[in-house]
Amino acid sequence: MVSPSGPGRPRRRLALAVAAAAAVTVGGLWLYRDPARQGDFASDPRPCSLVTAATARLVAGPAEGVETGSACVWAGPGPGPDPQPVLEVRVSRLGTREARESFQRVKEQSEGKTGPMTAELSDFGDEAFSRIRNSDGPRVTSEVWFRQGNVVIAVRYAPVDGDVDPSSHAGAYEVATEAAARLGKGN
């Protein structure tokens with residue numbers, strides 16, 4: 001007769017311990033899906049951290065970014081009472097499905113209601129587009145919108161003279177490109 005503390009008992013305990021550890025590991029991996037790998041963001045990206053001071057300065061002048069909630073605004077100097085050039089980066093974090101739906105609504109709302117240009121972009125994010133938006137006043141705004149996972153980013157640039165030429169549209173595009181790259185790095 002083999003005693004309960006014989007040589008087979010420790011092996012069985014070891015095998016049970018290994019099997020239990022494997023089950024916990026597999027179960028834990030199944031329950032915990034890393035949101036970053038899915039393109040999802042668990043916290044709100046800070047909008048001012050998505051654009052370097054050097055890039056903002058190229059577009060909006062020597063202004064500091066001011067973060068207010070989900071937006072960062074750079075307002076450059078304007079002569080006298082004239083409006084200042086304004087650069088804004090706005091971040092909206094939602095569930096992935098809600099982010100897709102929100103992005104599509106904005107895109108659909110812009111069709112036929114904006115200025116001379118609305119274009120699809122494929123350079124960054126899961127989906128993106130740019131548009132030139134005529135406001136009720138004298139200002140015209142160049143905008144680039146993109147969605148990356150469950151985050152929607154809007155970059156808006158309104159130059160002083162109200163005329164969005166190709167260079168001002170390129171500025172908004174450059175800011176959006178940098179924001180997408182920095183967002184992808186976890187900023």
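Quick note: the coordinates plus some simple rules give every number you see, no bench work behind them. Keep in mind that this is a model prediction, so the values were computed, not measured. A quick note on method: Cβ atoms are made from the backbone with ideal geometry, for glycine too, and the neighbour counts reach across all protein chains shown.
Placing pseudo-labels 7 Å out from each Cα toward the beta carbon at Asn134 and Glu120 gives an inter-label distance of 2.6 nm.
Take the Cα of Gln109, step 7 Å toward its Cβ, do the same at Ser43, and the gap between the two points is 2.9 nm. Here the spin labels are modelled as points 7 Å beyond Cα on the Cα-Cβ line, and at Thr52 and Ala181 they lie 0.7 nm apart.
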